[in-house]
Every structure is written in C-alpha cells, then in structure tokens.
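Structure first, then comments.
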Amino acid sequence: MAVEKILELIDGYRDDIIQLQKELTKRVALGPDNGGSGEHDKAKYLKEKLEGLEPDELEEIRAPDERVAQGYRPNLVAKWQGKRPHPTVWVLSHMDVVPPGDLSLWNTDPYVVSVEGDKIIGRGVEDNHHGIVSSYLPVKAMRESGSDFEQSVGLIFVADEETGSKFGLDYVLRNRGDLFHSEDLIIVPDGGNEDGTMIEVAEKTMLWIRFTVTGKQCHASTPAKGRNSLYGAARLIVDLEKLKEEFALQDELFAPPDSTFAPTKIEANVPNINTIPGKDVFYMDCRILPGYDPDGIIESAKKRAGALAKELDLSIEVEPVYKQVAANPTSPDAPVVKALARAIRRVKGVDAKAMGIGGGTVAAFFREADLPAAVWITQADTAHQPNEFCFISNIAADAKVFACVYLGEY
Ligand SMILES: [Zn+2]
C-alpha cells in the first residue's frame with residue numbers, strides 16, 4: 001500500500017530532519033520589530049526546496065515593508081494538485097523566529113543547531129521549524145515513491161507571525177483569500193502538547209488593562225502627609241481577584257476551563273526606599289471565555305477601582321490597552337479535526353481531543369475569515385525559551401500524521 005511505503009520512507013529521514021533544521025536555523029529570520037532584517041534568506045532557501053518537489057503552483061506573496069532591504073516580506077504558497085480538486089489540505093507554518101534573549105542562558109550558539117541523541121537544540125527548531133519540516137517531508141516521500149496525490153496538498157510558509165502577522169497570514173488572506181475554501185482542511189502546526197493529544201480549536205478573548213493609581217508623594221517617615229499609590233495598587237490587585245467570581249462561567253473545552261485575570265507587569269515607581277510613592281502603574285492580562293463581552297469586564301474593573309479610589313482618596317484610571325475578541329471556534333466535529341484525530345490514532349496510537357486555549361495563535365486569522373483551522377503538533381513547549389529544543393522522533397511521527405492526512409488515509 002502506498003501509505004505504508006511513505007511512512008517507511010519518513011522513518012528513514014533522520015539525517016534530512018537534522019540537515020533541514022541546520023539550514024533553517026542558520027538563516028536567522030527576525031522581523032524588523034525584533035531588530036532583524038526579515039525572512040528573505042530563509043524564504044529563498046525554502047523556495048528552492050519546494051521547487052525540488054515540483055509543485056503545480058508555487059507563489060511568493062510579497063507584503064510591502066519598507067523597513068527591510070528587499071522592500072517586502074515573503075510568504076510562500078506551494079500546491080500539489082490532487083485527483084480530487086477539493087478539499088485541499090493546507091499546512092501553514094511560519095518562518096520568523098523570536099530573538100534568543102539573554103545569551104548567557106544558552107549552552108550553545110542559538111543559531112547553530114546542536115544534536116544530542118534525539119534532541120535538536122537551537123532558536124526556532126520548535127517554533128516553527130518543527131512545523132515546516134514535518135509538513136514538507138511527507139510531500140518529499142510522496143515524490144520519492146512516485147505516489148499520486150489523491151487530494152490537493154498545499155504548504156504555506158509565512159512571515160511575521162511573531163510580531164502580529166500584518167505582513168504574514170493577515171496579508172495573505174487579504175490579498176489571496178481566494179486560495180482557500182471553507183471545506184478545506186487547514187492545519188497550523190504551531191501549538192500542542194507533549195504527547196500530541198491536543199488539537200486546539202478555540203481561543204479565549206484577550207484583554208490587557210492598564211491601571212494608573214495616583215496619590216501624593218511624601219517622605220516615608222510621615223506617611224500620613226501623602227497618599228500611598230502602591231498601597232492603593234496592592235488593594236486593587238486583591239480586589240480584582242473577585243472578577244473570577246463575577247465572571248465564573250466554565251467551559252470544559254478550554255484548559256483552564258474558566259476566564260483568567262492575572263496581574264502581570266508593574267512599572268517602576270520611586271527609586272529609593274524612604275519615599276512614599278505617588279504614582280503606580282500596573283497591568284492585568286485577562287483571557288476571557290467567548291461567552292463574555294470584554295467591555296463588561298472593563299466596566300466591572302472601573303467600578304471596583306472607583307470605590308477603592310474614593311475610600312483611599314486616590315485617583316485610579318482604568319484603560320484597555322489591547323483587546324482581541326475571540327473568533328468563532330472551529331467545531332470539534334469539523335472535518336479537519338476528525339481527519340487529524342484519526343491520523344494521530346493510526347500513527348501514534350493515542351486519542352487526541354479538541355480543546356480551547358488562552359489565545360494568541362495565528363489560526364485566529366483563518367477563523368475570522370470563516371475558514372475552520374486546527375492547531376496541532378507534538379511539542380514540549382520550549383518556544384521562545386533559551387535552549388529551545390525539539391525531538392527528531394516527534395518531527396518524524398508528526399510528518400507521518402500529515403502524510404496520512406495528505407493521502408486521506410486515516
Ligand atoms: Zn510559532
């Protein structure tokens with residue numbers, strides 16, 4: 001059977017996986033917002049690799065961006081036409097990476113891949129080279145074995161995922177939205193768990209709020225002469241815990257199943273210990289179940305801040321600084337979820353489950369365009385961390401899962 005031959009070929013691709021990871025990692029693709037010069041070199045390399053697999057269509061969609069030398073950010077779309085023209089199986093990965101951060105926390109050069117047994121280490125090896133390599137290898141195996149494409153298969157490698165997707169998927173959908181159809185199977189291999197049992201189909205609404213507490217600065221030996229903004233901020237943080245009770249809906253599709261309200265960043269106030277601060281600014285990151293209107297949460301936060309400001313004779317300003325309302329979830333019964341779950345069962349022998357997460361994946365752009373997309377990969381979640389790594393065996397197994405989906409064999 002064709003599929004058995006292809007899975008066997010993928011089992012022999014260890015050296016190819018290492019080689020691809022090396023070549024991708026050394027072509028550093030940092031967006032200008034992260035101090036880099038874009039994805040050009042990595043895109044050029046990948047375009048050559050795709051050409052080698054003789055796609056029926058290969059298109060470079062260029063998003064104009066004057067900040068990089070070429071004047072545009074590259075997005076690659078390759079498609080192999082199947083005997084059945086619809087649906088197309090699409091797998092979308094991103095080429096850009098995040099900066100390595102504090103280099104002293106790395107044991108190796110982040111842009112030179114190192115291999116320790118089954119482990120590959122380097123910036124981008126998981127996020128998102130894992131997706132690029134595991135979606136590419138099954139097409140290579142199909143070409144090497146001379147297999148026919150029963151279904152159409154498309155690979156998309158986008159720019160700018162890490163800094164907002166304006167020059168990446170957002171641009172692709174705005175300009176070439178005609179490539180996609182609502183019956184297509186769209187997979188985004190950019191999130192998952194360690195045993196590959198999590199298929200992400202839904203996201204929470206993201207809301208970031210800034211709280212500015214203003215009182216009166218004075219000498220710390222005479223606190224009664226001032227009004228302590230830090231004390232006010234601390235009281236407010238404790239009071240905001242009650243948002244959890246007020247917005248208490250639970251939805252077992254999500255992990256965690258409730259809305260979360262986390263105080264996060266606090267700006268520096270006074271530089272010395274013997275001054276009562278007169279101004280404190282802190283932030284809260286809220287991940288809200290789709291059933292709630294984020295404006296209701298802002299209203300409640302304002303009410304709580306107002307009552308406390310009155311009690312402590314402070315002024316407290318409450319402003320949303322970022323809001324992304326969750327797109328309609330992909331149905332847990334969508335064909336892409338079912339196809340993935342069956343292929344995962346066949347290759348890995350485990351039962352995968354559709355789940356919702358806290359938000360922030362690129363799949364939201366597909367969902368906003370009413371294109372059902374599923375996020376899935378097998379990963380230990382070391383993205384954005386020092387010593388980012390992934391396992392060669394996971395890339396190979398995930399490639400086999402994609403092979404089964406491409407072939408319609410699950
Ligand atoms: Zn990513």
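The values are calculated or read from the model by the stated rules, or taken from the named source; none is laboratory data. Remember, it's a predicted structure, so these values are computed and weren't measured experimentally. Every residue, glycine among them, receives a Cβ derived from its backbone with ideal geometry; neighbour counts consider all protein chains shown. The area values use the complete protein model at the heavy-atom level, side chains included, leaving out ligands, DNA and RNA. Shrake-Rupley method; radii C 1.70, N 1.55, O 1.52, S 1.80 Å.
Using +1 on the beta carbon of Lys and Arg, -1 on that of Asp and Glu, and nothing else charged, what's the dipole of region 205-324 about the Cα centre, debye to 20?
On the way: 15 positive and 17 negative charges, 135 e Å.
My answer is approximately 640 debye.
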Pair Asn387, Val325: separation of 7 Å Cα→Cβ label points (nm): 4.4 nm
Carbon plus sulfur fraction of accessible area for region 205-324, probe 1.4 Å, in percent: 55 percent
Accessible area (Å², per residue) of region 103-157, counting only protein heavy atoms and a probe of 1.4 Å: 31 Å²
Per-residue SASA entry for Ser259, accessible area with 1.4 Å probe, Å² rounded to 10: 0 Å²
Cβ-based charge dipole, region 277-351, positive-most Cα from Gly296, Ala334, Pro277: Ala334
Estimated distance in nm for a label pair at Asp313 and Asn34, the labels positioned 7 Å out from Cα along Cα-to-Cβ: 5.0 nm
Loop-located GluC sites (Glu not before Pro) in region 1-90 whose Cβ has at most 14 other Cβ within 10 Å (DSSP): Glu66
Most positive-pole-ward Cα, Leu371, Pro263, Ser229, against dipole of the chain from beta carbon charges: Ser229
Exposure of Ile276 as accessible area (Å², to 10), given a probe of 1.4 Å and all protein chains: 20 Å²
Debye, to nearest 20: dipole size of the chain, +1 on Lys, Arg Cβ, -1 on Asp, Glu Cβ: 900 debye
At R0 = 51 Å, FRET efficiency that the Cβ-Cβ distance of Asp11 and Arg174 yields, to 0.05: 0.80
DSSP loop trypsin sites (Lys or Arg not before Pro) with at most 15 other Cβ within 10 Å excluded, longest remaining stretch of the chain: 243-410
Fraction of accessible area attributable to carbon and sulfur, region 84-199 (%, probe 1.4 Å): 47 percent
Summed side-chain charge close to Gly278 - residues other than Gly278 whose Cβ falls under 15 Å, Lys, Arg +1, Asp, Glu -1: 0
Exposure of Asp333 as accessible area (Å², to 10), given a probe of 1.4 Å and all protein chains: 100 Å²
Antiparallel %, DSSP beta bridges [both residues in the chain], to 5: 70 percent
Full-stretch length increase - His181, Ala248 - with 0.36 nm per residue and alpha-carbon distance subtracted: 20.4 nm
Across Lys79/Lys348; Lys44/Lys265; Lys166/Lys204; Lys83/Lys119; Lys204/Lys348; Lys44/Lys119, pairs whose alpha-carbon gap is larger than 32 Å: Lys44/Lys265; Lys83/Lys119
Fraction in percent of alpha-carbon pairs per bin - 5 Å, region 287-410: 2, 9, 13, 14, 14, 12, 10, 7, 6, 5, 3, 3, 1, 0
For region 205-324: accessible area per residue (Å², 1.4 Å): 54 Å²
Rg and Dmax [Cα atoms of region 205-324; Å; Rg one decimal, Dmax integer]: 15.8, 53
Kirkwood hydrodynamic radius (C-alpha pairs) into Stokes-Einstein, the chain, 37 °C and 0.692 mPa s, D in µm²/s: 142 µm²/s
Dimensionless Rg ratio for region 132-241, taking C-alpha atoms and the 2.2 N^0.38 Å reference: 1.98
Mean Cα-pair separation over length for the chain, i.e. relative contact order, pairs under 8 Å, 6 or more apart, %: 24 percent
For region 258-283 versus region 36-71, the gap between their alpha-carbon centres in whole angstrom: 44 Å
Cβ-Cβ FRET estimate between Leu58 and Val270, R0 fixed at 60 Å, reported to 0.05: 0.55
